[in-house]
Amino acid sequence: MTSFNFCAGPAMLPVAVMQQAQQELLNWQQQGCSVMEISHRSDSFIAMAAQAEQDFRDLLTIPDNYKVLFMHGGGRGQFSAVPLNLLQPGQSADYLISGAWSKSAVAEAKKYGNINALDIRCQSDLGLRSLVAPEDWTLSSDASYVHCCPNETVDGLEFTSLPTTDKTIVADLSSTILSRPIDINRYGVIYAGAQKNIGPSGLTLAIVREDLLPAANNTIPSVLDYRLAAENDSMYNTPPTFAWYLAGLVFKWLKQQGGVTEMATRNQAKSSLLYDFIDKSDFYHNDVDLAYRSWMNVPFFLADDRLNDAFLDQAEHHGLLALKGHRMVGGMRASLYNAMPIEGVQMLVSFMQEFERVNG
Ligand code: PMP
């Protein structure tokens, strides 16, 4: 049976990528062993790693004055890395709170500096979860940077207009990177855990404008130090080699599919299909303001909570996996990252229709 995995992360990976990895697992590049078992200092690994970086740069048109760092520590590692690398003693930063993850970023950053947290969450006139309009975000004049999370994975809420500011913008793109084109020049730092749109967990990508690299001889823990990572081609310590390799395969796959422009078209089509169905139904609903609905993570609720377990059980029997909503939000959540084909969403909608017919 074909199954589709709607997990928010670690998320499904393209089938073609998994098949290639399977084929090469025991004998990578005719070396008689796996890519997992060779030195990150070997010529073949370094060549593969450099190609993966180049493909990633090509996909997002990353200018030369930005470093791409392949790091450890996940999104949360970057919650610490950002203030450690960018905040000097006595300096402050603005953090927009748009949902659960940006709130967590604030809690971590507060360990290292003065953080001005701006809660931009609100309710729309219709009682939907919404955000304050960007022109009403009151940023401070002396912030070293403004941190935001344009796609909130837990809340299913996304904004596309970045803060209007001359300050450095730092963005957590863990759940939206590579899902559409972005203008890298508008950001100082972008970071993303790999486990949604890039590859397996364990790898974190950071795109850092060169002038923001910290001074040498600082007190930043070495594995989180952007300068050390940049100076050592992300191999100051042993990188997550298998995840790097797999990310490289994903980047090649993305290029073959037509890159991030094509992904944007597909991602918009996938999410519209699901939102349109939910909006037409009285049995299901989504509580996010239309203007801020996420392409990547679609939370939805059944009219009667008591049917949740039956919905999840039956969905699983139909090969529709991991639809349970985040424990903070409840209900259901369908994550529709790049690797999710439209067929998966069509199958989900058909299943939801049938479940409604029987139980509605
Ligand atoms: N930021 C966002 C937007 C996320 O979705 C997540 C994980 N779901 C994180 C940060 C935390 O990432 P990690 O678990 O890799 O530390």
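With the simple model of a label 7 Å out from the Cα in the direction of the Cβ, SER3 to ALA50 spans 4.1 nm.
Starting from the 7 Å offset along Cα-to-Cβ, what nm value, one decimal, do you get for the label separation of LEU26 and ASP305? Modelled inter-label distance: 5.1 nm. Listed by chain and number, the aspartates and glutamates whose alpha-carbon sits under 18 Å from that of LYS280, ignoring those within fewer than 8 places in the same chain, are ASP289, ASP304, GLU354, GLU356. Extension gain, GLU37 to ASP183: 0.36 nm times the residue separation minus the Cα-Cα distance gives 48.8 nm.
Separation of the stretch 9-56 and the stretch 243-260 by C-alpha centroid, Å? Answer, in whole Å: 11.
A Cβ-based charge dipole, computed about the Cα centre of the chain with Lys and Arg at +1 and Asp and Glu at -1, lands at about 440 debye. Taking the charge dipole of the chain about its Cα centre, with +1 at Lys and Arg Cβ atoms and -1 at Asp and Glu Cβ atoms, the residue from ALA264, VAL358, MET48 reaching farthest to the positive side is MET48. In order along the stretch 213-225, phi translates into HN-Hα couplings of 4, x, 5, 5, 6, 9, 10, 5, x, 4, 6, 9, 7 Hz, rounded to whole numbers, per the Karplus curve 6.51 cos²θ - 1.76 cosθ + 1.60 with θ = phi - 60° and x for Gly and Pro. Each 10 Å bin from zero holds the following percent of Cα-Cα pairs in the stretch 258-359: 14, 52, 29, 5, 0. About the Cα centre of the stretch 149-281, what is the dipole size in debye to 20, counting +1 per Lys and Arg Cβ and -1 per Asp and Glu Cβ, all else neutral? So the dipole magnitude of the stretch 149-281 works out to roughly 380 debye. For the charge dipole of the stretch 1-156, defined by +1 on Lys and Arg C-beta atoms and -1 on Asp and Glu C-beta atoms about the Cα centroid, which residue among ALA81, VAL132, THR2 has the Cα displaced farthest towards the positive pole? It is ALA81, whose Cα lies furthest towards the positive end. Placing +1 on the Cβ of each Lys and Arg and -1 on the Cβ of each Asp and Glu in the chain, which of GLN346, ALA11, ASN297 has its Cα farthest towards the positive end of the resulting dipole? In the chain, that residue is ALA11. Please compute the net charge surrounding MET296, taking Lys and Arg as +1 and Asp and Glu as -1 over other residues with Cβ under 11 Å from its Cβ. Overall, the nearby charge balance is +3. Bridgeable lysines around LYS255 (alpha carbons under 29 Å apart, same-chain partners fewer than 8 residues away excluded): LYS67, LYS196, LYS270.
Amide H contacts of ALA117: TYR95, each under 5 Å away and 5 or more positions distant or on a separate chain (H built 1.01 Å from N in the peptide plane; Pro and chain starts excluded). Semi-axis lengths, largest first, of the ellipsoid equivalent to the chain are 34, 28, 16 Å, with √(5λ) applied to each eigenvalue of the Cα gyration tensor. Distance from the C-alpha centroid of the stretch 159-237 to that of the stretch 57-121: 8 Å, rounded to the whole angstrom. Pairwise inverse Cα distances across the stretch 285-332, averaged and inverted, put the Kirkwood hydrodynamic radius at 11.6 Å. Close amide H pairs (under 5 Å, H built 1.01 Å from N) link MET12 with CYS7, residues at least 5 positions away or on another chain.
None of the figures in this text is laboratory data; all of them are computed from the coordinates on show. Bear in mind that the values here come from a model prediction, so they are computed numbers and not experimental data. We place every Cβ from the backbone using ideal geometry, glycine too, and count neighbours over all the protein chains shown.
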